[in-house]
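One structure is given below, encoded as structure tokens.
The values are calculated or read from the model by the stated rules, or taken from the named source; none is laboratory data. Predicted model only: the values in this text are computed from it and were never measured. Methodologically, a virtual Cβ is constructed for each residue, glycine included, from the backbone with ideal geometry; neighbour enumeration extends over all protein chains shown. The accessibility values were calculated without ligands, DNA or RNA, using every heavy atom of the protein model including side chains. Shrake-Rupley method; radii C 1.70, N 1.55, O 1.52, S 1.80 Å.
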Amino acid sequence: MKKASLIIGVILCILPTYALSNKPQKAKNLAKTAQDYPVKPVPFTSVHFNDQFWAPRIEINRTVTIPFAFQKDEETGRMYNFERAAAALKGEELKDKKPPGYPFDDTDVYKVIEGASYTLSVHPDPKLDAYIDGLIAKIGAAQEKDGYLYTTRTIDPEHPHRWAGTKRWELEKVDSHELYNLGHLYESAVAHYQATGKRSLLDIALKTADLLDRTFGPGKESIWPGHQITEMGLVKLYRVTGDDRYLKLAKFLLDVRQPDAPKTSNHRPEYNQSHKKVVEQTEAVGHAVRATYMYSGMADVAALTGDPSYLNAIDKIWDNVVTRKLYITGGIGATGSGEAFGRDYELPNMTAYNETCAAVGNDYWNHRLYLLHADAKYIDVMERTLYNGLISGVSLDGKLFFYPNPLESNGQHQRSPWFGVACCPSNITRFLASVPGYVYAQKGDSLYINLYVGSTAEIKMDNGRTVKLTQETRYPWDGAVKMTVNPDKNSNLTINVRIPGWAHNDAVPSDLYRFLDKADEPVVLKVNGKQVPIKVDRGYVSLNRNWKRGDVIELTLPMPIRRVVTNDAVTADRGRVALQRGPIVYCAEWPDNPGGFVRNLMLSDNAKLGAEFRPDLLNGVTVIKSKATAFAYDEKGNVIKTQQDFTAIPYYSWANRGRGQMIVWIPNSEASVKPRPFPTIATTSKVTVAVPRTRLNPSRINDGDDPVSSSDPSSYFDWWPAKGRTEWVQYAFDKTATVSQSEVYWFDDTGRGEVRVPASWRILYKVGEEWRPVESNDPYGVEKDRYNRVSFKPVTTSGLRLEVTMQPNWSAGIQEWKVK
Ligand SMILES: [Zn+2]
């Protein structure tokens, strides 16, 4: 075994996602001449934010989210797993041999260490440093002699988690996550080494990587990670050690994906992108987080090997995403089924999955494509995701999280302090800490300004110059940016100033979305007070001159409020508009609109829109004000229209004030409006179920929303995973009422899940504390795709119960239950 030799010297300047050494890479072991991304990012350690938008957020991440995530890692036994594995290795008899909740629980510890390490690089904290040292000691003690590190198997090799398989790597192609865990370990270890100079975690990581190198490769075992990230992680190990075995292994783990490989899982091969050789893939399919991590790994390997076939593939996949599978919020992964990309133009709003991790992965990937192509269209996508569908994943106080990030809600969604599968909170911790690394990039004597954030930076250029650059701006609320350039001495440099797509009438770099109107207020750019022509090439205006200390660049990006419409192929957004101002996408949420209803509003195209900064609201946001028309049914079923005040808030800031309605795509024509149902005995009832459940909110069955079909996924309740049982749901009426009719619309997800119409059901009514069946001669129907009506002898009661007996081996569920 060849020993990995570390590049000597402290690597001061690194970017989290791919640590670039200032020293030349060791080239002699590479198959081709060593090469890298043509454009290099300016590491986050060189850029310091002092603005009102990002700086407080990153500080909350450091002071609240990271300690909170460590606390959750402890409370949920994720650290304890390492302790138990270590005890087992010492030969101790374990009292508790229960496997971890999931075989990938180890990664949540690695990811928070990674995020904490980034904060340590810019904010020394001896207490945190010592705490991490303690964790690393526990991780090291759980590592087997030959380098193997996977707590669920080490705790009890005879009975690991059922996804782990009976022996090492057996189920790796999808379920075991052994290689996935190691990929996160590598990312974390490199971050920790670069932040502290300590080799403790890096040595653990390298020992596992050497085990992988002995195990996998040409002439050895052939397998690919069931969940990608190992490839990106190995590339980071290569960058930090210069040992090309890690790069070769990363490439091998990508290339080994073969469509004809033996099946090892119930998942379709698309699920983890193993349906084709990676270089032959042209469409984004399957699990969205796995996909973006793989595409990012392919970008890394393309950059480092110069092999154009990877680039060719990810360029095509990017086109597919940006023209057909990207939400206006920058979220990706439309469907919860397999946490996956949907079909072309399948972009539902209420059921949009948009996992927070997929937003993080989308930004990793777009940033890498930018570094390969030096084209700001990738920054446009990255910025859209960053300001909208990514930071929506964490609450303003830093303690509550979204896993899916839907674009519409009837109140069924709310943030959660943690999840059984806790990938999203820990991904947030590491991503937010590294945001300053996405602002600048450089190449030779060219400097690229990609994001606008009040900040100071010290940028070391490839040509040996150092440039200090300050930005003064209220972005994203205001598009005026003043930049002061201070080179160490007068130098010829090209400073490339990004003009975001949204500022020149391109909503996205494709025809998926467009602005309804043309904005005519021009972008203005001045150098030392003198206006320069706006000639945009690949998203930049290039300013080539002899720069002197104190030169000032002033950029004015007008921020009119824009109405966005979608390509007509997206059925979910037809007859609707979204609102955007600068990079921020808006939504209407219940607390800001009369009556707390927003899903019944229409915003006509000629309604005047105004922007107003509200320092008191949601940590300071610019809101959009207008007039809208509210639609509601009256008692007789007539539609009543009312003009009312309308307020929209930034999408990222929703769900910080409790549950309720939210909408991003607002109808702009009457045909798309769903009038608010007239309050009925059912919709005003309190809903309870026999077994209180947290997975789905039972109040979905009396939200007054008529489903499109039994399989409509937008707002149903089911008892899954319970099967073959008798269960009930009941209404407690507002006040005693006389009722004589009940209508049930069953939920049934044939083809997707395990819920079917029930075997039988009946209605009971409350008499005192007792439940009695109603008297009826009607059959209790179990038809799909319609209401099943039962009339019964009138009863005067305070509540009704719907008792459901499921079919054997199937679960049951309800779309809507009406009572008269
Ligand atoms: Zn996640």
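Taking the Cα-to-Cβ direction at Ser337 and at Arg268 and moving 7 Å from each Cα, how far apart do the two end points lie in nm?
0.9
Going highest first, how would you order 714-722, 378-386, 614-622 by mean Cβ packing within 10 Å? Could you put the intermediate results ahead of the total?
Details: 714-722: 20.6, 378-386: 26.0, 614-622: 15.0.
The packing order, highest mean first, is 378-386, 714-722, 614-622.
How large is the helix-only mean residue ellipticity at 222 nm for the chain, computed as the sum of -39500 (n - 2.57) over DSSP H runs with n ≥ 4, divided by its residue count, in deg cm²/dmol to the nearest 500?
Working: 15 runs with 197 residues, N = 820.
Calculated at 222 nm, the ellipticity per residue is -7500 deg cm²/dmol.
Please list the non-local residues whose amide H lies under 5 Å from the amide H of Gln741, H modeled 1.01 Å from N, same-chain partners needing a gap of 5 or more.
Those qualifying (amide H under 5 Å, at least 5 residues apart or on another chain) are Phe792, Lys820.
Once the whole set of protein chains is in place, how much accessible area is left on Met79, using a 1.4 Å probe, in Å² to the nearest 10?
10
Which value, in debye to the nearest 20, gives the size of the charge dipole of the stretch 31-123 about its Cα centre, when Lys and Arg are +1 and Asp and Glu are -1 at the Cβ? Before the final figure, lay out each step's value.
Numbers: 12 positive and 14 negative charges, 43 e Å.
Computed about the Cα centre, the dipole is about 200 debye.
Using the Karplus curve 6.51 cos²θ - 1.76 cosθ + 1.60 with θ = phi - 60°, work out ³J(HN,Hα) for each residue of the stretch 473-485 in order, rounded to whole Hz, and write x for Gly and Pro.
Computed from phi, the couplings for the stretch 473-485 are 6, 9, 3, x, 7, 9, x, 8, 10, 10, 10, 10, 9 Hz.
Just to verify a number: what accessible area does Thr796 come out at with the full protein assembly present, 1.4 Å probe, Å² rounded to tens?
Spelled out: Thr796, probe radius 1.4 Å, area about 90 Å².
Hey, if you put +1 on the Cβ of every Lys and Arg and -1 on every Asp and Glu Cβ in the chain, which of Gln194, Ala690, Leu609 ends up farthest toward the positive end of that dipole?
Checked the options; the winner is Gln194.
Can you give the three extents of the C-alpha atoms in the stretch 635-726 along their principal axes, from longest to shortest, in whole Å?
Its Cα atoms span 48, 38, 25 Å along the three principal axes.
In whole angstrom, note down how far apart the Cα centers of the stretch 34-53 and the stretch 594-662 are.
38
Take the stretch 730-776, drop everything but the C-alpha atoms, weight them equally and run the Debye formula without solvent; then report log10 I(q)/I(0) at 0.18 Å⁻¹ to two decimals.
Debye curve over Cα of the stretch 730-776, log10 I(q)/I(0) at q = 0.18 Å⁻¹: -0.74.
Compute the length gained on full extension between Thr166 and Arg752: take 0.36 nm times their separation in residues and subtract their Cα-Cα distance, giving the result in nm to one decimal. Provide the component values of the computation, followed by the final result.
On the way: separation 586, 0.36 × 586 = 210.96 nm, distance 2.91 nm.
Here the answer is 208.0 nm.
Can you compute log10 of I(q)/I(0) for the chain with the Debye formula, treating each Cα as one identical point scatterer, at q = 0.09, 0.10 Å⁻¹?
These q points yield log10 I(q)/I(0) values of -0.91, -1.10.
List, in order, the whole-Hz ³J(HN,Hα) value for each residue of the stretch 144-152 obtained from phi through the Karplus relation with A = 6.51, B = -1.76, C = 1.60 and θ = phi - 60°; use x for Gly and Pro.
With coefficients 6.51, -1.76 and 1.60, one gets 6, 3, 8, x, 4, 9, 6, 4, 4 Hz.
Count neighbours as other Cβ atoms within 10 Å of each site's Cβ, and list the trypsin sites (Lys or Arg not before Pro) in the stretch 287-369 that are DSSP loop with at most 15 such neighbours. Present the calculation step by step, with values, prior to reporting the outcome.
Values: sites: Arg290, Lys316, Arg324, Lys325, Arg343, Arg368; in loops: Lys325, Arg343.
Qualifying residues, ordered by number: Arg343.
How much accessible surface area, in Å² rounded to 10, belongs to the heavy atoms of Glu83 with a 1.4 Å probe?
Near enough 80 Å² of accessible area.
Give me the dipole magnitude in Debye, nearest 20, for the chain about the Cα centre, with unit charges on the beta carbon: positive for Lys and Arg, negative for Asp and Glu.
On the way: 103 positive and 96 negative charges, 214 e Å.
With Lys and Arg at +1 and Asp and Glu at -1, about 1020 debye.
Would you please give the residues with an amide H less than 5 Å from that of Gly799, counting only those at least 5 places away or on a separate chain, with H modeled from the backbone geometry?
Correct list: Phe733, Lys766.
Rounded if a/c is under 1.5, else prolate if a/b beats b/c, else oblate: with a ≥ b ≥ c from the C-alpha gyration tensor eigenvalues square-rooted, which is the stretch 88-242?
Numbers: a/c = 1.92, a/b = 1.28, b/c = 1.50.
Oblate.
Just how large is the dipole of the stretch 243-386 about the Cα centre, in debye to the nearest 20, putting +1 at every Lys and Arg Cβ and -1 at every Asp and Glu Cβ?
320
With a/c under 1.5 counting as rounded, go ahead and sort the stretch 136-191 into rounded, prolate or oblate using the C-alpha gyration tensor (a ≥ b ≥ c being the square roots of the eigenvalues; past the cut-off, prolate if a/b is larger than b/c, else oblate). Before the final figure, lay out each step's value.
Values: a/c = 2.41, a/b = 1.36, b/c = 1.77.
Here the stretch 136-191 falls in the oblate category.
Calculate how steeply helix 244-255 sits against the longest principal axis of the alpha-carbon atoms of the chain, using the helix alpha-carbon long axis, and give the answer as 0 to 90 degrees to the nearest 10.
Once rounded, one gets 30 degrees.
May I ask which residue of Leu447, Gly331, Phe252 lies farthest towards the positive end of the charge dipole of the chain, with charges of +1 (Lys, Arg) and -1 (Asp, Glu) on Cβ and the Cα centre as origin?
Selected residue: Leu447.
Assuming 0.890 mPa s and 25 °C, estimate D for the stretch 182-277 with Stokes-Einstein, Rh taken as the Kirkwood radius over Cα pairs, in µm²/s. Write out the running numbers ahead of the final one.
Numbers: Rh = 14.0 Å.
In µm²/s, the coefficient rounds to 175.
By the gyration tensor of its Cα atoms, with a ≥ b ≥ c the square roots of the eigenvalues, what is the shape of the stretch 233-381: rounded for a/c under 1.5, prolate for a/b over b/c, or oblate? Provide the component values of the computation, followed by the final result.
On the way: a/c = 1.89, a/b = 1.28, b/c = 1.48.
Here the stretch 233-381 falls in the oblate category.
Taking Cα atoms, how many degrees apart are the long axis of helix 66-75 and the longest axis of the chain, rounded to 10 and kept between 0 and 90?
Here the helix axis deviates by roughly 60 degrees.
What nm value, rounded to one decimal, do you get for the distance between Ala141 and Ala480 when each label is placed 7 Å out toward the C-beta?
Output for this residue pair reads 5.9 nm.
What residues of the stretch 745-779 lie in the reach of a label at Lys793, counting those whose backbone N is under 20 Å from a point 7 Å from the Cα along Cα→Cβ?
Once the point is set 7 Å along Cα→Cβ of Lys793, 762-779 turn out to lie under 20 Å by backbone N, inside the stretch 745-779.
Using r as the Cβ-Cβ distance of Arg545 and Lys518, and R0 as 41 Å, what FRET efficiency do you calculate, to the nearest 0.05? Walk me through the intermediate numbers first.
Numbers: r = 32 Å, r/R0 = 0.78.
The calculated FRET efficiency here is 0.80.
My understanding is that a pair violates if its Cα-Cα distance is over 20 Å; which of Lys90/Lys173; Lys766/Lys818; Lys251/Lys377; Lys173/Lys316 do that in this structure? Walk me through the intermediate numbers first.
On the way: Lys90/Lys173 30 Å; Lys766/Lys818 17 Å; Lys251/Lys377 27 Å; Lys173/Lys316 25 Å.
Beyond 20 Å between Cα atoms: Lys90/Lys173; Lys251/Lys377; Lys173/Lys316.
Length gain on complete extension for the stretch Thr466 to Ala759, per 0.36 nm per residue less the alpha carbon to alpha carbon distance? Mind dumping the intermediate values first?
Details: separation 293, 0.36 × 293 = 105.48 nm, distance 7.46 nm.
Taking 0.36 nm per residue and subtracting the Cα distance, the gain is 98.0 nm.
Given the Cα-Cα distance of Thr684 and Lys608 and 0.36 nm per residue of separation, how much length would full extension add, in nm? Mind dumping the intermediate values first?
On the way: separation 76, 0.36 × 76 = 27.36 nm, distance 3.51 nm.
Here the answer is 23.9 nm.
Sorting check: for 493-499, 53-59, 103-109, which peptide has the highest mean count of neighbouring beta carbons within 10 Å, and how do the rest follow?
103-109, 493-499, 53-59
Roughly how many whole Å is it from the C-alpha centroid of the stretch 270-286 to that of the stretch 767-820?
46
Tell me the angle of helix 126-141 to the major Cα principal axis of the chain, expressed in degrees between 0 and 90 and rounded to the nearest ten.
Taking Cα atoms only, the helix is inclined about 80 degrees.
Based on the Cβ-Cβ distance from Arg772 to Asn656, what FRET efficiency comes out when R0 is 45 Å, to the nearest 0.05? Numbers along the way, then the final one.
On the way: r = 45 Å, r/R0 = 1.00.
The formula returns an efficiency of 0.50 here.
Taking H as built 1.01 Å from N, whose amide H comes closer than 5 Å to the amide H of Arg676, not counting residues under 5 places away?
Result for Arg676 returns Phe631, Ala632, Tyr633.
Once R0 is set to 41 Å, what does the formula 1/(1 + (r/R0)^6) return for the Cβ-Cβ distance between Val691 and Asn638, expressed as a FRET efficiency to the nearest 0.05? Walk me through the intermediate numbers first.
Values: r = 40 Å, r/R0 = 0.98.
My answer for the efficiency is 0.50.
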